[in-house]
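Worksheet for the structure shown next.
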Amino acid sequence: MRSRSREFDSSTLNESVQNTIMRDLKAVGKKFMHVLYPRKSNTLLRDWDLWGPLILCVTLALMLQRGSVDSEKDGGPQFAEVFVIVWFGAVTITLNSKLLGGNISFFQSLCVLGYCILPLTVAMLICRLVLLAEPGPINFMVRLFVVIVMFAWSIVASTAFLADSQPPNRKALAVYPVFLFYFVISWMILTFTPQ
Amino acid sequence: MAAVDNLRFEEFGDAPTSLATNPDATTISIEDPGETPKHQPGPARGSGREEDDELLGNDDSDKTELLAGQKKSSPFWTFEYYQTFFDVDTYQVFDRIKGSLLPIPGKNFVRLYIRSNPDLYGPFWICATLVFAIAISGNLSNFLIHLGEKTYHYVPEFRKVSIAATIIYAYAWLVPLALWGFLMWRNSKVMNIVSYSFLEIVCVYGYSLFIYIPTAILWIIPQKAVRWILVMIALGISGSVLAMTFWPAVREDNRRISMATIVMIVLLHMLLSVGCLAYFFDAPEMDHLPTATATPNQTVAAAKFS
């Protein structure tokens, strides 16, 4: 795909903006499908991009905001805090994986970790919708169930892509930080309370 | 991206470096024909590496002051240098965690588990888990304690995560630094048989903090007695691991100084756990029930007066 684009370099310069955007959007959408139905395929790794993780991170951070004026008393994560946690968490996990001797490249790993936030973003959407109903223990149980299911989905999706890149005697060491990362994000989603 | 990685020239360093990155690599060491570093388990490989390094000479001796007994052959600005700190397998990490949970008198944690190979994986991720365990458990326990109150509005208290991170990481890195400096200073005055490198001290401290993860989770139980019993148990276990590790290092010194060092180590450990308990976990109210029955009386009395 890369060599083809070099051949037709002049034509991609001349094509309409809509074509360019649609091509990128289609690539992002294709990767979303791969995350939702995780199979052992190399597409996510080969053609990495960071658009998807950026879109997901911004969406998640925006949805975790409350529309209140006195946000200091709130105690919830600010936009910047969510951003920092997601990106620094992903970078730390990638560094950890490389230091343990994994053979995945830096941006490939960032790409996989970012895309596998998709189930949790969906969980956040569902939680916000559920919170429109009346509060109570049933409300909480539904949200808890949704978050747990999506958390498990994220872990399964990311391990399907990342586990193969580690030497076999260190797989658990590389997967545990991923578990911690998605656990913290799930915790942020579960404890979201609107004003 | 994978194709680009394959095309990059791979430097084949000497035996220890390539063994660090790929444990199953076949390497030839011409120096010592009796030594076969090819397929050996962790500790034996570590001792082989140390012999290798001694024969290789003291090229980076100035860099090895911090890491006595464990010479790194890569310069510190390369990635491979830091990879040697993560040269542990899953079973090794589990063994070290088990060793920190079961202090056996007479068995030195460092000599038994780490001497060959201090790692930074354990300390870093145990501290990270502990940070989130304390913050989340504190939040949960406060929620459960204040559950019935009408004026209580649940907040996730996300600020406390950064505070917890600062405290835990400062403890896990600055206290070993101070202790290492102190031991080096005493070493220059009194000849000690046992001396630890900075990484080994960081390793011991990191793994000794593991007991606090289940402790923090159990601190959710809103009973003062239970919490203090947990503090005592955790302090007992991790304090004894630390004391038994550092006692051989100060044994030959002046009696008072060695006792003071051990007491200081245990005291700082206790300060950490008690401080975390006090700051992150609200005190469970002993008189929760009487206030619940008192308020209806007060509202009735207020209604009578108005």
Task: Reciprocal of mean inverse Cα separation for the stretch A:97-144 (Kirkwood radius, Å) - done: 13.2 Å
Open item on the list: Using only the alpha-carbon atoms, how far is helix A:79-99 inclined from the longest principal axis of chain A? Give it as 0 to 90 degrees, nearest 10.
Closed with: 50 degrees
Open item on the list: Taking 8 Å as the Cα distance limit and 6 or more residues as the minimum spacing, I'd like the relative contact order of chain A as a percentage.
Closed with: 27 percent
TODO: Mind jotting down the three principal axis lengths of the stretch B:157-228 based on Cα atoms? Whole angstrom, largest first.
DONE: 50, 27, 17
Task: Ratio Rg/Rh [Cα only; Rh per Kirkwood] for the stretch A:114-191 - done: 1.08
Task: Cα gyration tensor shape for chain A, rounded if a/c is under 1.5, else prolate or oblate - done: oblate
- [ ] Can you bin the stretch B:79-282 into rounded, prolate or oblate? Criterion: square roots of the alpha carbon gyration tensor eigenvalues sorted a ≥ b ≥ c, rounded for a/c under 1.5, prolate for a/b above b/c, oblate for the rest.
- [x] prolate
Open item on the list: I want to verify the translational diffusion coefficient of the stretch A:56-170 in µm²/s; compute it with Stokes-Einstein, Rh as the Kirkwood radius over Cα pairs, at 4 °C and 1.567 mPa s.
Closed with: 82 µm²/s
- [ ] Count the lysine pairs in chain A whose Cα atoms sit under 19 Å apart, keeping only pairs 8 or more residues apart in sequence or on different chains.
- [x] 4
- [ ] Calculate the spin-label point distance for B:LEU101 paired with A:LYS26, positioning each point 7 Å from the Cα along the beta-carbon direction, and give it in nanometres.
- [x] 5.3 nm
- [ ] Kindly express, to the nearest 10 degrees and within the range 0 to 90, the angle between helix A:118-130's C-alpha long axis and the longest C-alpha principal axis of chain A.
- [x] 30 degrees
Open item on the list: Given an 8 Å cut-off on Cα distances and at least 6 residues of separation, report the relative contact order of the stretch B:79-282 as a percent.
Closed with: 31 percent
Task: Rough spin-label spacing in nm, given labels placed 7 Å along Cα→Cβ, for B:TRP173 and A:VAL130 - done: 3.8 nm
Open item on the list: Please compute the average number of Cβ atoms from other chains found within 10 Å of each residue's Cβ in peptide B:92-105.
Closed with: 1
- [ ] Can you pull the one-decimal nm distance between simple spin-label points at B:ILE229 and A:VAL91, each 7 Å off the Cα toward Cβ?
- [x] 4.6 nm
Open item on the list: For a protection proxy built on the mean count of beta-carbon atoms within 10 angstrom, sort B:233-245, B:89-101 highest first, please.
Closed with: B:233-245, B:89-101
TODO: Would you be so kind as to identify which of B:ILE213, B:PHE94, B:MET232 lies farthest towards the positive end of the dipole of the stretch B:79-282, taking Lys and Arg as +1 and Asp and Glu as -1 on Cβ and the Cα centre as origin?
DONE: B:MET232
TODO: Just rank A:CYS57, A:CYS116, fewest to most, by other beta-carbon atoms within 10 angstrom.
DONE: A:CYS57, A:CYS116
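Read the figures in this text as sums done on the coordinates, not as results from a lab. Bear in mind the structure is a predicted one, so any value in this text is a computation, not a measurement. Virtual Cβ from ideal backbone geometry, glycine too; neighbours counted across all protein chains shown.
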